[in-house]
1. Under 8 Å by Cβ, and 6 or more places apart or on different chains, what pairs join a residue from the range 1-28 that is farther than 16 Å from ALA197 by Cα and in contact (Cβ under 8 Å) with a residue 12 or more places away in the chain with one that is surrounded by fewer than 23 Cβ atoms within 10 Å (Cβ to Cβ) and acidic (Asp, Glu)?
2. Considering only residues that are buried (at least 16 other Cβ atoms within 10 Å of the Cβ) and among the charged types (D, E, K, R), which ones fall in the range 249-270?
3. Among the residues that make up the range 297-305, is at least one of them closer than 23 Å to ARG206 by Cβ, among the acidic types (Asp, Glu), at pLDDT 95 or above and out of contact with any strand residue (DSSP E or B) (no Cβ under 8 Å at 6 or more places or on another chain)?
4. For residues that are in contact with a strand residue (DSSP E or B) (Cβ under 7 Å, 6 or more places away or on another chain) and crowded, with 19+ Cβ neighbours inside 10 Å, tally how many sit in the range 100-131.
5. Restricting the search to the range 240-255, which residues are under 20 Å from the mean Cα position of the chain (by Cα) and among the charged types (D, E, K, R)?
6. For residues that are charged (D, E, K, R) and under 16 Å from the mean Cα position of the chain (by Cα), tally how many sit in the range 1-36.
7. From the set of residues in the range 197-208 that are touching a residue at least 40 places away in the same chain (Cβ under 8 Å) and surrounded by fewer than 24 Cβ atoms within 10 Å (Cβ to Cβ), which is nearest to the ligand (Cβ to nearest atom)?
Amino acid sequence: MIKVVLAQPRGFCAGVVRAIDIVDQALTQYGAPVYVRHEIVHNRHVVDNLKSKGAIFVEELNEVPDGAVTVFSAHGVARSVFAEAKARALPVLDATCPLVSKVHHQGKHYVAKGRTLILIGHAGHPEVEGTMGQIDGPVHLVSHEADVFALDLPLDTPLAYVTQTTLSVDDTKDVIIALKARFSDVSGPDTADICYATQNRQTSVRDLCEVVQALIVVGANYSSNSKRLCEIGQEMGIPSYLVADGSEIDPAWMAGVSVVGLTAGASAPEELVLTVIEALRKIDDDVVVTQMNGIEENIEFRLPAALRRGAKAAVTASASATAVTSAEAKSSAPKFTISKRAAAVLAR
Ligand code: SF4
């Protein structure tokens with residue numbers, strides 16, 4: 001018998017749900033094709049599904065034809081990208097997660113106060129590129145404690161930090177401690193900018209790893225928050241595997257394993273979690289599924305005004321350039337209820 005213990009919470013966060021809804025709604029209201037700059041969220045399954053409905057994914061705006069409805073991904077974009085869209089009068093819908101926009105606002109606030117900005121994050125990640133491109137003046141990117149000691153700044157420089165939203169909570173704390181140890185005047189948010197969804201999923205994986213012999217994380221191998229979940233399992237001494245879906249499960253992983261933990265990154269749909277359970281049932285026909293107690297999330301972010309109105313009127317780059325703020329966040333009934341299909345698979 002294999003006992004599968006599901007992490008709670010796992011999978012889609014409110015920012016991902018909103019971003020996918022924006023593309024879906026745009027296709028409904030404006031018709032295909034809708035152009036999306038960068039993968040709307042880091043999951044191939046989600047992207048392929050939207051492609052099948054008429055979304056076209058591009059990396060740069062020069063690949064978007066004049067006049068085409070264009071969506072910016074959940075990771076956020078630099079101001080130069082907004083400016084380019086505005087110069088071309090492209091109709092833009094901004095799917096930047098409100099929690100990423102909040103980091104942009106914080107960074108601008110610190111710079112306006114005369115502080116030199118440190119961004120804790122991973123080079124090359126689109127969220128990091130977007131945040132750096134939102135700030136006037138230099139932004140110093142650090143990923144690890146060692147980067148702090150390599151910063152070529154006077155030790156009394158007034159500094160402030162902001163962080164990528166999907167980092168490891170513990171690693172980020174270490175970087176902040178190093179910043180405060182080396183520099184005499186460091187400001188930053190009370191808690192790091194790591195978002196609620198990342199923190200909740202990391203906490204639940206830590207709890208999960210106390211009771212399982214192996215961990216499977218569903219998510220893309222280029223998804224920052226999914227990779228962090230897998231790393232936490234490895235740090236806790238649990239054999240941990242990051243898979244796109246059930247087709248990547250290696251039966252050898254289950255040798256001698258009777259209790260396996262299963263979770264998903266914030267951009268991975270629940271139906272991919274179900275494919276893992278189905279794959280495990282091919283290895284052992286006696287699979288029992290349970291779910292850990294955990295935080296019930298009830299965060300939901302509103303769609304951009306143009307889509308809320310259901311108006312067919314063109315959205316403009318200048319209008320959408322007004323950043324969505326956390327004020328657009330509202331609580332509602334839990335969004336992450338289990339689907340009928342999920343219930344059926346779990347009950348088998
Ligand atoms: S992981 Fe956090 S910051 Fe990223 S989209 Fe989800 S809620 Fe927003």
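1. Final answer for the pair search is MET1/ASP284; MET1/ASP286; ILE2/ASP284; ILE2/ASP286.
2. Once the filter is applied, which keeps residues that are buried (at least 16 other Cβ atoms within 10 Å of the Cβ) and among the charged types (D, E, K, R), the range 249-270 yields only GLU270.
3. Yes, the conditions are met somewhere in the range 297-305.
4. 13
5. Selection gives ASP245 alone.
6. Residues meeting the conditions: 3.
7. Among those residues, the one meeting the criterion is ASN200.
Table: residues versus (1) farther than 30 Å from GLY11 by Cβ; (2) out of contact with any Asp or Glu (no Cβ under 8 Å at 6 or more places or on another chain); (3) without any contact (Cβ under 8 Å) to a residue 12 or more places away in the chain; (4) in a helix (DSSP H, G or I).
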site	(1), (2), (3), (4)
TYR35	no, no, no, no
ASN49	no, yes, yes, yes
SER52	no, yes, yes, yes
GLY67	yes, yes, no, no
GLY76	no, no, no, no
VAL81	no, yes, no, yes
LYS102	no, no, no, yes
GLY124	no, yes, yes, no
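The values are calculated or read from the model by the stated rules, or taken from the named source; none is laboratory data. Keep in mind that what you see is a predicted model, and the values were worked out from it rather than measured. Using ideal geometry, Cβ is built from the backbone for each residue, glycine included, and neighbour counts are taken over all protein chains shown.
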